[in-house]
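Worksheet: one structure, shown below.
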Amino acid sequence: MVFTPGVSDSRQRGLIFAIEGQSLCVTRDPVIAIPMADTGGALYLGELDGLPCFARRVEGDLPEGSEPLPLRQLFGALAEEQFAIATRALGIIAWDHDHRFCGRCGHPTRRSETERVRTCSTCGHTAYPRLSPAVIVLVEKDGCCLLARNARTKMPFFSTLAGFVEVGETLEQCVAREIEEEAGITLSDIQYFGSQPWPFTNSLMIGFTARWAGGELRPEPTEILEAGWFAPDAIPVVPPKLSIARELIDDFVRRHS
Ligand SMILES: [Zn+2]
C-alpha cells in the first residue's frame, strides 16, 4: 500500500479506520472487519485492495454497526496489512487532534490537502507528525539474556529493557546509557536488530542486541520491579508477538537452541 496524504472532501465511501482513544471501531458480522462508511472530513491514508482507506476520530459517532475495541487486542484478529494501517491511523489521528492549535502562538492550525502537515493560520508555523525514537535491547551474558519486569506499567510479563533517545545522543549511546542506568551494567558489541513503529506512545522502537561487558546486575527500583538472566530453555512469561521485544526474545531462543 502507498500512503498518501490528503483529506476526503466528498461524500465518497471507503474503509474507515475510526479511532476512539487507543481503540479501533470494527464490525463483527460474521468476522472482525473494518467498516465501510462515508468519508467526509476523514484523512486519506491510501488504497487497500482497490478500496480507499481513511482515518477518522470518533466523537460519539461510531460507524454504523461497529464497536470500539482496543487496537492491541485486534492483533491477530485483523489481517496483517489492516492492522498496520490501523496503527498508522492511530498515530495520525493523535497528531491531527493534538495539533489543532499552534504550539508557537496558540492560534488555530489547518490541514494541508497535499502534505501531511498542519499549518498555523496566523504565524505559518508547521506541525508534521512526530515520532519519539526509543531503543530496546536484548543483552546476553554467558548464554543467558537479561529480562525485567517494568515497575511503572506493572505488566505481568518479563521483557527486554527500553528507553527514549535523548536530544543529541546516538542510538548506541542511548543503549549504553539506558542499560547502565536501569540495570547497572556496561555493554559491548551493540548491534542493530530491526525497528518497529509503536503508535501506542507515538514511538519508533529501534531494536538492538548487546553483550554484557561488566558490572553486577543492580535494577533501578523506580524503573524495574525485578530483573534477571534467563537461559533459553527457562524464559519466563514474555510479551505477545505484537512487539519487537518478543522478536528479540524469540531470536535469542532460536540462536541458542
Ligand atoms: Zn502560530
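How high is the FRET efficiency between residue 123 and residue 167 when r is their beta carbon distance and R₀ equals 22 Å, given to the nearest 0.05?
Here the calculated transfer efficiency is 0.40.
How much of the DSSP bridge set in the range 13-98 is antiparallel, in percent, rounded to the nearest 5?
The antiparallel fraction comes to roughly 75 percent.
Working from the pairwise distances between different alpha carbons, so that the mean of 1/r is found and then inverted, what is the chain's Kirkwood radius in Å?
Mean inverse Cα-Cα distance, inverted, gives 20.3 Å.
Could you tell me the relative contact order of the chain? Use alpha-carbon pairs under 8 Å, at least six residues apart, and round to a whole percent. Don't skip to the answer; put the middle values down first.
Values: 519 pairs, mean separation 39.3, N = 257.
Value for the chain: 15 percent.
How many Å³ per residue does the convex hull of the Cα positions in the range 1-145 occupy?
Looking at the range 1-145, the number lands at 154 Å³ per residue.
Can you give the net charge of the other residues whose Cβ lies under 14 Å from the Cβ of residue 212, counting K and R as +1 and D and E as -1? Please report the intermediate quantities before stating the final value.
Details: positive: 141, 211, 218; negative: 140, 142, 180, 182, 189, 216.
Once positives and negatives cancel, what remains is -3.
Report the net charge of residues surrounding residue 165, where surrounding means a beta-carbon distance below 10 angstrom and charges are Lys +1, Arg +1, Asp -1, Glu -1.
Charge balance near residue 165 sits at -2.
Within the set of other residues whose C-beta is less than 9 Å from the C-beta of residue 193, count the net charge using Lys and Arg as +1 and Asp and Glu as -1. Could you put the intermediate results ahead of the total?
Details: positive: none; negative: 247, 251.
Net of charged neighbours comes to -2.
Which far-off residues, 5 or more places away or on another chain, put their amide H under 5 Å from the one on residue 208, with H placed in the peptide plane?
Amide H neighbours of residue 208: 136, 137, 138, 193.
Which whole-percent values make up P(r) of the range 13-98 when all C-alpha to C-alpha distances are grouped in 10 Å steps starting at zero?
Whole-percent P(r) values from 0 Å outward: 19, 60, 21, 0.
Among all stretches of the chain without exposed GluC sites (Glu not before Pro) (DSSP loop, at most 14 other Cβ atoms within 10 Å), which one is longest?
Longest gap between qualifying sites, sites excluded: 1-58.
Please compute the contact order of the range 13-98 in relative form: average sequence separation of alpha-carbon pairs under 8 Å and at least six residues apart, divided by the residue count, as a percent.
On the way: 142 pairs, mean separation 30.5, N = 86.
Computed over the range 13-98, the figure is 35 percent.
Measure of size requested: the Rg and Dmax of the range 132-256, with Cα atoms as the atom set and Å as the unit; please supply both.
Expressed in Å, the Cα Rg and Dmax of the range 132-256 come to 13.2, 39.
Just to be sure I follow the definition: excluding the sites themselves, where is the longest run in the chain that has none of the trypsin sites (Lys or Arg not before Pro) in a DSSP loop with at most 13 other Cβ atoms within 10 Å?
155-240
Charges at C-beta only: +1 for Lys and Arg, -1 for Asp and Glu. How large is the resulting dipole of the chain about its Cα centre, in Debye rounded to 20?
520
Could you check what % of the DSSP bridge pairs in the chain are antiparallel, to the nearest 5?
DSSP beta bridges in the chain are roughly 75 percent antiparallel.
Values quoted throughout were computed directly from the atomic coordinates according to the rules given, and no laboratory measurement underlies them. Here the structure is a predicted model, which is why all the values come from computation and not from measurement. Every residue, glycine as well, gets a Cβ built from its backbone with ideal geometry; the counts of neighbours run over all protein chains shown.
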